[in-house]
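Okay, structure first, notes after.
The values are calculated or read from the model by the stated rules, or taken from the named source; none is laboratory data. Everything numeric in this text was worked out from a predicted model, so none of it was measured. Neighbour counts run over all protein chains shown; Cβ positions are idealised from the backbone, glycine included. Note: accessible area is taken over every heavy atom of the protein model, side chains too, but ligands, DNA and RNA are not part of it. Shrake-Rupley method; radii C 1.70, N 1.55, O 1.52, S 1.80 Å.
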Amino acid sequence: MYALADCNNFYASCERVFEPHLENKPLVVLSNNDGCVIARSQEAKDLGLKVGDPIFTCKNTVLQNNVIVRSSNFSLYGDMSRRVMQTIRLFSPDVEVYSIDEAFIKLNGLKGRNYEEVMRQMRAVILQWTGIPVSIGIGKTKTLAKLANHYAKQNPRMRGVARVPHPSGEMLQAVEIEDVWGIGRKWSEKLRNIGIKTAFDLASMNSENIRRSFNIIAMKTAMELRGHAHFRLEQTPEQRKTLLRSRSFAKPVESWQELSEAIASHATRASEKLRNEDIVAKVLHVFFHTSLYNQADQRNSAHATVELIPPTNVTHTIIKAALDIAKPMWKRGFKYKRAGVQLLELSSGTVQCSLFDSPEEQAKDKRMMQLLDAVNSNMGAGTLHYAATGFTKVMEMKQLQRSPRYTTHWDELPKCLCGL
């Protein structure tokens, strides 16, 4: 048996923990630099606000309905997620953290106990200790647990916890095909075209027909809906295959100096992540572009790829490679809105070097990176940095509506004013 614990409207809920007056009010959270909507409270969803909407296109709806707008506060969200996951592990050690606000839980250790009763107790403890409301679905497979979680959210009478019954037909018929875990927009459209409209329809479909028309993942999803487990609990995260660092600028960038500093900053952070996970990259992709909302003659988009030989996670090597391919692509006269780097073909273990690589230089680079990471870990990110990342503060984010980082910064701790 599996359970899926999913925090309700997580980012909005985190904002409400320390500002209870926001309860029952429409609230949206914006992306980096206050660009687009990335999270909504239920009240904001009911107003028709959608994830991905640029905030300037929603201005009238926001003003007319007194929607609360918050800048993203990932320091707060990450710490609150950690607290929720720690609480979950008190009820079962077998936990797969699926995302910042979701976790699969294996319930085998609770045999002989009432699963729903234990999950309701866990839900109450999470709410009491963290202030975050959680919905929980229970089923024989991860897909059924995810489906039950969706059912719990859509049906208030379930009081936050739902278990797939036996037989499961009634619950599966109540879930639309696009709401089934693993069935994306394109697949759901294709399935609807052949008459598959609900989770029950997919579960009833012939397995070989599904595999022939889609792929083995779709077939396994259908099998999971029938109660046959194919997706196991992944407690050890898989090694990532790519790493992307990208961000919109707070204001348009026109000079090569500012653009190069942004690219170097992204390359620096990406290199640090590689070393944290003890992996190296073989391919580097660099891109930058103007706003999609510019007039046609004011738009420009550029991207290029280079192979890193040998594969590396050394910051100055990646910075140099990124700037070398970016400089020829930059064009004067355009106002660039976004830049980023992507590292591909990531691997771990021994790196195959070429005949002409110097072991002494490699050892020197390794010692330098160890020192750099140690200083920045102990003294704060960016204490030591490469000059290429610059001093123009082009990478500073615009966060005009960010709430305090209540749980991670001493000078932003909540204050309690007690009267005599």
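Do we have any residue at all in the stretch 306-317 that's assigned to a helix (DSSP H, G or I) and open to solvent by less than 30 Å² (accessible area, probe 1.4 Å)? Yes, some residue in the stretch 306-317 is assigned to a helix (DSSP H, G or I) and open to solvent by less than 30 Å² (accessible area, probe 1.4 Å). In the stretch 326-379, what residues are charged (D, E, K, R) and either outside any helix (DSSP H, G or I) or within 27 Å of the chain's Cα centre (by Cα) (or both)? Passing the criteria: K331, R332, K335, K337, R338, E345, D357, D373.
Suppose we filter the stretch 408-420 for residues that are charged (D, E, K, R) and either part of a loop (DSSP other than H, G, I, E, B) or modelled with pLDDT of 90 or more (or both); how many remain? Walk me through how you get there before you give the answer.
Here is the first cut: in the stretch 408-420, the residues charged (D, E, K, R) are 411-412, 415.
Checking which are either part of a loop (DSSP other than H, G, I, E, B) or modelled with pLDDT of 90 or more (or both) leaves us with 415.
The qualifying residues number 1.
Scanning the stretch 92-106 for residues that are of a type in the set (A, V, I, L, M) and either touching an Asp or Glu at 6+ places or on another chain (Cβ under 8 Å) or not in a strand (DSSP E or B) (or both) yields I100, A103, I105. Being touching a Phe, Trp or Tyr at 6+ places or on another chain (Cβ under 8 Å) and either open to solvent by 20 Å² or more (accessible area, probe 1.4 Å) or within 27 Å of M122 (Cβ to Cβ) (or both) is a condition met by no residue of the stretch 191-213.
Residue-wise test of (1) of a type outside the set (S, T, Y); (2) surrounded by fewer than 15 Cβ atoms within 10 Å (Cβ to Cβ); (3) under 24 Å from P414 (Cα atoms).
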| position | (1), (2), (3) |
| --- | --- |
| V17 | yes, no, yes |
| L22 | yes, no, yes |
| P26 | yes, no, yes |
| L30 | yes, no, yes |
| C36 | yes, no, no |
| R40 | yes, no, yes |
| L47 | yes, no, no |
| K50 | yes, yes, no |
| F56 | yes, yes, no |
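Remark: pairs (first residue in the stretch 125-136, free of Cβ contacts under 8 Å to residues at least 12 places away in the same chain; second residue open to solvent by less than 10 Å² (accessible area, probe 1.4 Å); Cβ separation under 8 Å; 6+ apart in sequence or on different chains) = L127/V134.
Looking only at the stretch 130-159, how many residues end up being assigned to a loop (DSSP other than H, G, I, E, B) and open to solvent by 10 Å² or more (accessible area, probe 1.4 Å)? Let's see the steps before the verdict.
First, pick out the residues of the stretch 130-159 that are assigned to a loop (DSSP other than H, G, I, E, B): 131-133, 140-141, 155, 159.
In the following step, the residues that additionally are open to solvent by 10 Å² or more (accessible area, probe 1.4 Å) were identified as 131, 133, 140, 155, 159.
Final tally of qualifying residues: 5.
Let me confirm something: among V84, V51, V62, which residue is part of a loop (DSSP other than H, G, I, E, B) and aliphatic (A, V, I, L, M)?
Values: V84 fails: part of a loop (DSSP other than H, G, I, E, B); V62 fails: part of a loop (DSSP other than H, G, I, E, B).
The conditions single out V51.
The one condition from (1) open to solvent by 90 Å² or more (accessible area, probe 1.4 Å); (2) of a type outside the set (V, I, T); (3) part of a loop (DSSP other than H, G, I, E, B); (4) touching a residue at least 24 places away in the same chain (Cβ under 8 Å) that L244 does not meet is (3).
Please tell me if I88 is within 24 Å of the chain's Cα centre (by Cα) and under 23 Å from A12 (Cα atoms). Yes. Can you give me the number of residues within the stretch 1-46 that are part of a strand (DSSP E or B) and either of a type in the set (A, V, I, L, M, F, W, C) or over 17 Å from the mean Cα position of the chain (by Cα) (or both)? Residues flagged as part of a strand (DSSP E or B) and either of a type in the set (A, V, I, L, M, F, W, C) or over 17 Å from the mean Cα position of the chain (by Cα) (or both) within the stretch 1-46 amount to 13.
Collect the residues in the stretch 160-188 that are of a type in the set (V, I, T) and part of a loop (DSSP other than H, G, I, E, B), keeping them in residue-number order. If you could, list the steps in order and put the result at the bottom.
The initial filter retains those residues of the stretch 160-188 that are of a type in the set (V, I, T), namely 161, 164, 175, 177, 180, 183.
Residues satisfying the conditions are V164, V175, V180, I183.
Being at pLDDT below 85 and not charged (D, E, K, R) is the filter here, so list the residues in the stretch 384-407 that pass it. Once the filter is applied, which keeps residues that are at pLDDT below 85 and not charged (D, E, K, R), the stretch 384-407 yields G390, F391, T392, V394, M395, M397, Q399, L400, Q401.
Could you tell me whether T221 is among the polar types (S, T, N, Q), touching a residue at least 40 places away in the same chain (Cβ under 8 Å), open to solvent by less than 40 Å² (accessible area, probe 1.4 Å) and closer than 21 Å to D373 by Cβ? Considered against the rule, which asks whether it is among the polar types (S, T, N, Q), touching a residue at least 40 places away in the same chain (Cβ under 8 Å), open to solvent by less than 40 Å² (accessible area, probe 1.4 Å) and closer than 21 Å to D373 by Cβ, T221 comes out as no.
Within the stretch 69-81, the residues that satisfy the criterion of being open to solvent by less than 40 Å² (accessible area, probe 1.4 Å) and among the hydrophobic types (A, V, I, L, M, F, W, C) are V69, L76, M80.
Of everything in the stretch 275-305, what is in contact (Cβ under 8 Å) with a residue 12 or more places away in the chain, within 21 Å of R332 (Cβ to Cβ) and of a type in the set (S, T, N, Q)? Give them in sequence order. Within the stretch 275-305, T290, S291, N294, Q298, N300, S301 meet the criteria.
Okay, residues lined up against (1) at pLDDT below 90; (2) of a type in the set (V, I, T); (3) open to solvent by 30 Å² or more (accessible area, probe 1.4 Å):
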{"position": "H228", "(1), (2), (3)": "yes, no, yes"}
{"position": "F249", "(1), (2), (3)": "yes, no, no"}
{"position": "A264", "(1), (2), (3)": "no, no, no"}
{"position": "H289", "(1), (2), (3)": "no, no, yes"}
